[in-house]
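Participant: Mind having a look at this structure? Questions to follow.
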Amino acid sequence: MTYGGGNQDPFGGDPFGGQAPQQGGFAGGTTVFPQRGPESEVNTLATLSIIFAVVFAPVGAVLGHVALSQIRQRHQRGRERAVIGVTISYIVIALTVLALVVWVVTSNGSGSSPVSATTPAAAAPPPRTTVITPPPPQRPTVNVEDLRVGDCVEVQQNKPDPTQANTDFITVYPVVCEVREGVMQVTQILSTDSCKSPSSLSNNKKTVFACIVDFKGRGAAFYTSAGR
């Protein structure tokens, strides 16, 4: 027999006036709890990527990318950690490369001095040559005792003789007889200071006297030697 035109329990439901048990309740069924699957686990590589991002950035970047791939496949947690690890790794790598570039540019700039492209390089100075001039040869001297009548000499006055007036210590140089200033010719050789010429030469012992005059040429008359 049908009541109300529907397919109903002929006993009018719960004979005790209660409600039908719901799914998942305690009456006539089993309680169903949601199972926690692999998606609740935190990916280990995601955590390691953050650590290696500071220790060794290239490894941290690789671990971060591998962690992101595993998280998508296994529905795990830790995506934020993997993204942070990858970001820090690339920042550290970029800063390291920038520091290397700056160091290379700075070291090259300090090692070589810039050269202007418009200014020609200054020519190297020629090597200096040291020329040593030998001293002039020492002029030969002659003693009064060795003079002869007709010899030509030059006389260099050194200093006055303090023991005798109008007398100087001299040096006598033999020269070629020629008419020029300073050339004197011996006209007499005497044993006493009796020269008639205005100048005379004597040895230290005052035993030989040479009378001298300015050289006037080969035709000049000579005094005869005496006292020799």
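The values are calculated or read from the model by the stated rules, or taken from the named source; none is laboratory data. Since the model is a prediction, treat every value here as computed from it, not as a measurement. Neighbour counts are summed over all protein chains in view; Cβ atoms, including those assigned to glycine, are modelled from backbone coordinates with ideal geometry.
Participant: Restricting to segment 157-201, name every residue that is polar (S, T, N, Q), touching a strand residue (DSSP E or B) at 6+ places or on another chain (Cβ under 6 Å) and farther than 24 Å from Gln138 by Cβ.
Facilitator: Passing the criteria: Thr187, Gln188, Ser197, Ser199, Ser200.
Participant: Can you pull out every residue in segment 140-175 that is charged (D, E, K, R) and at pLDDT 85 or above?
Facilitator: Glu145, Asp146, Arg148, Asp151, Glu154
Participant: Now for a different question. Restricting segment 128-180 to residues that are closer than 22 Å to Phe215 by Cβ and of a type in the set (Asp, Glu), which is surrounded by the fewest Cβ atoms within 10 Å (Cβ to Cβ)?
Facilitator: Ranking the qualifying residues of segment 128-180, first place goes to Glu178.
Participant: Scan segment 154-176 residue by residue and report those that are farther than 19 Å from Pro198 by Cβ and either assigned to a loop (DSSP other than H, G, I, E, B) or among the small types (Gly, Ala, Ser) (or both).
Facilitator: Pro162, Thr163, Val176
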